[in-house]
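Quick notes on the structure that follows.
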Amino acid sequence: MEKNAKLVFEPTPLWYTAIPPLAPQKLPSITPDQLASLTKKANDLHDADIRAFQSSSSSHSSSSETSFLSKIIQSGTLSDRLSALTLLVQSSPVHNTKALETLKGMAERGKGKGGREESLKALRCIMDWWVGGGAPDRKLKYFRDQPLNHPDATDKILVGWYYEDWLKKYFFSILQILETLSLDPLQY
C-alpha cells in the first residue's frame, strides 16, 4: 500500500463520491490567469496520479494479470477488447481516461476497420458504464464553474473537478458521434 500513498485521488469506481462537498461561501470570481494556473496544476496532478496508479496497480496485481489484460486489448477479439477496456474503466475511471479514449476511438472508427458493429458495441460499453454508476445523478460541471478559490479546495478535490470537466467534454464528443450515427440512412 506504500505506492497508494502517492495517489492524490484514491481509486474508486464511483469517483464522484470521493469528492467531499464544500461549505457554501461567498467567493470572489477568479481571474483568467488564476484559472489557467489552477487548470495546469490540476492537469499536472491528474497526470501524476495516473502514472502513480499505473505503477501501483502493476505492482499490486500479478504481472501475468497485467500482461494478460494488455495482450487482450492489443490483439483479442472485439468482445474481449471491449470487456477488458470496460473493466479498466470500471475499476477507476479517473485513472483510466486512456481506456475511455480508446473506447471513443473505437466508436469513431465505425466506417473503418471494425465497421459499424465495433462502433455500436463501443458506444454500448460507454453508455452501460455511464448508466451503471459512472456518472453522478446531477449535471456535470466545467472546471471553471467550480468554486476554485474555496479555502478548503484540496489537490484531491482539484483532481476530481478536473476529471469532471474532462468527462463533460468527453461526453459531448460521444454525443457528436451518436449524432453522426443517427444521420446514417441504414438502420441499425
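Values as computed for the structure displayed
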read-out: Rough spin-label spacing in nm, given labels placed 7 Å along Cα→Cβ, for LYS26 and LEU183; value: 4.9 nm
read-out: Fraction in percent of alpha-carbon pairs per bin - 10 Å, the range 148-188; value: 26, 28, 20, 15, 9, 1
read-out: Measure of compaction for the range 114-188 (Cα Rg per 2.2 N^0.38 Å); value: 1.42
read-out: Approximate spin-label separation THR17-HIS150, in nm, with each point projected 7 Å along Cα-to-Cβ; value: 1.9 nm
read-out: Cα-based helix-to-principal-axis angle, 97-108 vs the chain, degrees rounded to 10; value: 40 degrees
read-out: Protection proxy ranking of 13-20, 120-127, 174-181 - average other beta-carbon atoms within 10 Å, highest first; value: 120-127, 13-20, 174-181
read-out: Projected label distance in nm at LEU175 and ASN43, using a 7 Å step from Cα toward the beta-carbon; value: 2.4 nm
read-out: The chain - percent of accessible surface contributed by carbon and sulfur, probe 1.4 Å; value: 56 percent
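The values are calculated or read from the model by the stated rules, or taken from the named source; none is laboratory data. Owing to the predicted nature of the structure, the values given are computational and were not obtained by experimental measurement. With ideal geometry, Cβ positions are generated from the backbone for all residues, glycine too; neighbour counts draw on all protein chains shown. Note: accessible area is taken over every heavy atom of the protein model, side chains too, but ligands, DNA and RNA are not part of it. Shrake-Rupley method; radii C 1.70, N 1.55, O 1.52, S 1.80 Å.
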